[in-house]
Amino acid sequence: MQEADWPAELFEVLCARGISQICHVPDSGHGRLIKLCEARNDMSVVTLTTEEEGVGLLAGAWLGGKRGALLIQSSGVGNIINALALPAACRMPLLVIVSMRGEWGEGNPWQLPMGLGTPKVLEAMGVTLFRADSADAVVPALDAAAGTAFNTNCSVAVLLSQRLIGAKEF
Amino acid sequence: MAGFLHRRDVVKTLLARRNADTLVVAGLGSSAWDVTAAGNDDRNFCQIGAMGLTVPIGLGLAEAQHDKRILVITGDGDMLMSLGALATVAQVRPRNFAIIVLDNECFGETGGQPTHTAGVADLAAIARGAGIEDTGEIREQGEIDALIADVYDAPGPVFRTVKIAYETLEDFKPPLDGAYAKDRFRVALLGAKAAVGGA
């Protein structure tokens, strides 16, 4: 059986859901998806200096009538906590795709605390979580997450598990 | 060196030239009160919390609305919290974007404790170093006309620090309910359909 190309499938879901602004702090887990987005002329792809910028940027995009998604690593979830007040207080949609570290066979001890804390922190801030542990769960998770975010004006995060992405030595 | 321009006069003069194509994003605290005092316009979006996001919000809006002029009006405290965003702005290089920092060299909402600009930090120099080519600092009343021309007409991104006095002024509060403020802005910009969702 041919291995599923889940980043390409994620990209198709983003297009189908009308996402036109992507912002990210790069992660190797998101590498192929970022490349696919950059190849599109009708997508704005912005590299951030820190993850919380992305929460503001996507709020601005929504004020201007555009849908976006924020691509970050689990360590970056720690940087967006207070920024999550903005979409919460304004009842704006926020779609975050998180590549997880610090869980399945992690090789870097510094990734463990935020990796373990990511689901708890996001839930504490009122973010609805969708998790994908295997390639066949990626599309349903993102599609459900995007539908929830943009139909109900709330913050959602898709957690792409480290088992799916692959453990890293560093 | 501390400034002596009056923030409310500067913002009122600056926004007197706005039209339907002008979208304003204000930083929390006094900047939001200044913008609201100049006119509680539907095309204002005022930060009430989540400090440090004013420039990123403006950037996302500028990317979404290329035909509009986006003005970010914020304070030195908020700007200092998101210096990295200046590098992001420089990289994206939105032609329709201007940042005006009202610099009173202190945290005005919390008792006037000095910020880093009261010391040696120079925000216009930082913006220039981040890669924003058109930067400057305003200190004199006689520079206000040029400030307005640049903020509205010069190719963006434009960055200006306006050195202002530290004053305690009356609060002019915008709508504090974010959901209402967001819908009001979106309906003014995008039409009535924007209130019932949809991009």
Ignoring GluC sites (Glu not before Pro) buried by more than 14 other Cβ within 10 Å or outside DSSP loops, the longest site-free run in chain B is B:1-132
With Cα coordinates, the longest principal axis of chain B makes an angle with the long axis of helix B:178-190, in degrees rounded to 10, of 70
A correct Stokes-Einstein calculation for the range B:46-114, using the alpha-carbon Kirkwood radius, 4 °C and 1.567 mPa s, returns a whole-number D in µm² s⁻¹ of 103
For the range B:84-168, averaging the sequence separation of alpha carbon pairs under 8 Å that lie six or more residues apart and dividing by its residue count, the contact order in percent is 45
Restricting to Cα pairs under 8 Å and 6 or more apart, the percent relative contact order of chain A works out to 24
Out of A:Gln21, A:Gln111, A:Gln73, a Gaussian network model of chain A with alpha-carbon springs under 10 Å gives the largest mean-square fluctuation to A:Gln111
quick note, the range B:7-194, DSSP beta bridge pairs, % antiparallel (nearest 5) is 5
Cβ-Cβ cut-off under 15 Å around A:Pro140, Lys and Arg +1, Asp and Glu -1: the net charge is -3
Cα extents of the protein assembly as shown per principal axis, largest first, Å, are 73, 46, 35
Other residues with Cβ under 11 Å from the Cβ of B:Val24 give, with Lys and Arg +1 and Asp and Glu -1, a net charge of +1
For the range A:92-170 the GluC sites (Glu not before Pro) that pass both the DSSP coil test and the at-most-12 other-Cβ-within-10 Å test are A:Glu169
Rounded to the nearest 5, the percent of DSSP beta bridges in the protein assembly as shown running antiparallel is 5
Restricting to Cα pairs under 8 Å and 6 or more apart, the percent relative contact order of the range A:113-170 works out to 36
Correct response: the longest run of chain B lacking exposed trypsin sites (Lys or Arg not before Pro), defined by DSSP loop and at most 13 other Cβ within 10 Å, is B:96-199
Neighbours of B:Pro155 by Cβ distance under 12 Å: Lys/Arg at +1, Asp/Glu at -1, summed charge -1
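Among A:Trp110, A:Trp6, A:Trp104, A:Trp62, what is the fewest-to-most ranking by other Cβ atoms within 10 Å?
Arranged by neighbour count, lowest to highest, A:Trp110, A:Trp6, A:Trp104, A:Trp62 become A:Trp110, A:Trp104, A:Trp6, A:Trp62.
Tell me what chain A gives for mean residue ellipticity at 222 nm when only DSSP H runs of n ≥ 4 count, each as -39,500 (n - 2.57), the sum divided by the residue total, rounded to 500 deg cm²/dmol.
Using -39500 (n - 2.57) per qualifying helix, the result is -13000 deg cm²/dmol.
The numbers here are math on the coordinates, done by the rules we state, and not lab data. Just so it is clear, the model here is predicted, and its values are computed rather than measured. No Cβ is skipped: glycine too gets one built from the backbone with ideal geometry, and neighbour counts run over all protein chains shown.
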